[in-house]
Amino acid sequence: IDPGGRSLPSLRNDPAVGEAAAMLRAGKLVAFPTETVYGLGADASDDLAVRSIFRAKDRPSDNPLIVHVAEESVLYDWIRKMPETGRRLASAFWPGPLTLVLEHRGTLASSVTAGLSTVGVRVPSHPVARALLFQAGVPVAAPSANRSGKPSPTSAEHVWGDLAGRIHGLLDGGPSGVGVESTVVDVTGPTPLLLRPGGITLDRLQQVTPTVEVDPGLQGGAVVPRSPGVKYRHYAPRGEMWVVAGSGEAQVKRVQALADEGTAAGYKVGILTTEERRKRYRADWVLPCGRRSDPASVARNLYRVLRCFDELGAEWIVAEGFEGKGLYDSVMNRLSKAADGRLIDTNTNLSP
Ligand code: TXA
Ligand code: MG
């Protein structure tokens, strides 16, 4: 479906959307585009359907799913209460790439919440996702539509590559927009907590609710993250990967030196860089991921480029890291997870 320029009523009447909505109501699995990444959906009130999501993805069952709804009003049927901070964030960012963690009443399928007393919910803004949710008329539990551990899918082709034969339907709405997943904020406590950085930046959250804090578990170290999914190695290509943080020439030199180490050890080596610096490197593959001067372009291309390294057969991957805040915070979170924590900082650690 090409959503370009089409109105919501016209998308709702699209036969493909109707067929996908009927599949969801019948307990089947349907992948669909959202503005962040593609999701793998099932009726959130149907425990059997939700369990089949975990099977299709090989997802650990202790990792709860996000429930997607067409409109905020729908969720009042099954959440306990909407705190004031939640209300403010919802009215600022829904529909859009924000997930709120709220207390539920226990009426959703228990596999959705992995037994927790809270549930993650969001109202996506992608026109095809909205049309599907309106047509389905049921809350839709949907994790990213990748095999567990792989980079999230940002196109229908990625979903097909991971899940063909394991799902009933796939709505192709072209490439997703933001490219990294939604920002997850827990609003059940006295202070709103950012559990996963994503499409809505911390700055933008703080403009609406100045008290929002970052989950200390996100910084690594001994504190366990509050969001169960955040603890898994994720978004990972098959090759060994390093991220070189820092900036300027020191960073470029370090990236090249690490790539050369891989080459010397006999590996097929890939470098993840940006348009500005693609000509600076030598390796088997030098792949630009957007423009360094445009964080949104880097986020949008990140998972596609990580998947590319797999297709090419890269065995040793060195990625340039990014400094600063905003979307680069989310990009660095995903990159360091893809690298399983192998993060090298050229600012503080010049010659290890
Ligand atoms: O952008 C997105 O959020 C995409 C699209 C499809 O909507 N979905 C997505 O879902 O990324 P998934 O399952 O890949 O990631 C959900 C994250 C996990 O880190 C999970 O642990 C967390 O949200 N989460 C879900 N429910 C939670 C809860 N009740 N408490 C804390 N974290 C929760
Ligand atoms: Mg995921």
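The values are calculated or read from the model by the stated rules, or taken from the named source; none is laboratory data. None of the values given here were measured: they were computed from a predicted structure. In this analysis, Cβ positions are derived from the backbone assuming ideal geometry, glycine residues included, and neighbour counts consider all displayed protein chains. Note: areas computed on protein heavy atoms with side chains; ligands, DNA, RNA excluded. Shrake-Rupley method; radii C 1.70, N 1.55, O 1.52, S 1.80 Å.
Ranked by the mean number of other Cβ atoms within 10 Å per residue, highest first, peptides 132-144, 105-117, 22-34 order as 132-144, 22-34, 105-117. Rounded to the nearest 10 degrees, the inclination of helix 327-338 to the longest alpha-carbon principal axis of the chain is 80 degrees.
Estimated translational diffusion coefficient (Stokes-Einstein, Kirkwood radius over Cα pairs, 4 °C, 1.567 mPa s) of region 202-352: 81 µm² per second. For residue 224 and residue 47, the difference between the fully extended length at 0.36 nm per residue and the C-alpha to C-alpha distance is 60.9 nm.
When the GluC sites (Glu not before Pro) in region 27-110 are filtered for DSSP coil states and for at most 14 other beta-carbon atoms within 10 Å of their beta-carbon, the remaining sites are 71.
Its Cα gyration tensor gives region 122-244 an equivalent ellipsoid; the semi-axes, largest first and in whole Å, are 27, 21, 13. Percent of accessible area on region 102-157 owned by carbon and sulfur, 1.4 Å probe? Percent of accessible area from carbon and sulfur atoms in region 102-157: 47. Would you mind checking 150/337; 253/279; 28/57; 268/337 for any pair whose Cα atoms are more than 18 angstrom apart? Over 18 Å Cα-Cα: 268/337.
Placing a label point 7 Å from the Cα of residue 277 along the Cα-to-Cβ direction, the residues of region 308-327 with a backbone N closer than 14 Å are 318-324. Residue 172 sits among other residues whose Cβ lies under 14 Å from its own Cβ, and their net charge, with Lys and Arg +1 and Asp and Glu -1, is -4.
How much accessible area per residue does the chain have, in Å², with a 1.4 Å probe?
Ligands and nucleic acids excluded, the figure is 41 Å² per residue.
Axis angle, to the nearest 10 degrees, between helix 248-264 and the longest C-alpha principal axis of the chain: 80 degrees. Amide H contacts under 5 Å for residue 196: 184, restricted to partners 5 or more places along the chain or on a different chain, H placed in the peptide plane at 1.01 Å from N. Label zone (residue 26, point 7 Å along Cα-to-C-beta; backbone nitrogen cut-off 14 Å) within region 158-176: 168-170. As a fraction of the 1.4 Å probe accessible area of region 255-352, surface on carbon and sulfur atoms comes out at 47 percent. Quotient of the Cα radius of gyration of the chain and 2.2 N^0.38 Å, N being its number of residues: 0.99. Its Kirkwood hydrodynamic radius, worked out from the mean inverse distance over all distinct Cα pairs, puts region 238-320 at 12.5 Å.
As a fraction of the 1.4 Å probe accessible area of region 20-97, surface on carbon and sulfur atoms comes out at 50 percent. Extension gain for residue 293 to residue 340 (0.36 nm times residue separation, less C-alpha to C-alpha distance): 14.3 nm.
Close amide H partners of residue 286, meaning residues 5 or more places away or on another chain with modelled amide H under 5 Å apart, are 271.
Between residue 10 and residue 114, the simple spin-label model (points 7 angstrom out along Cα→Cβ) gives 4.1 nm. Couplings 3J(HN,Hα) of region 167-178, computed from phi: 10, 8, x, 9, 8, 8, x, x, x, 6, x, 5 Hz, in residue order, whole Hz [Karplus 6.51 cos²θ - 1.76 cosθ + 1.60, θ = phi - 60°; x for Gly and Pro]. From the residues 65, 48, 76, which one has its Cα farthest along the dipole of region 46-91 in the positive direction, the dipole being from +1 and -1 charges on Cβ of Lys/Arg and Asp/Glu about the Cα centre? In region 46-91, that residue is 65.
Go through 338-345, 156-163, 199-206 and give me the packing order, highest mean Cβ count within 10 Å leading.
Packing order, densest peptide first, comes out as 156-163, 199-206, 338-345.
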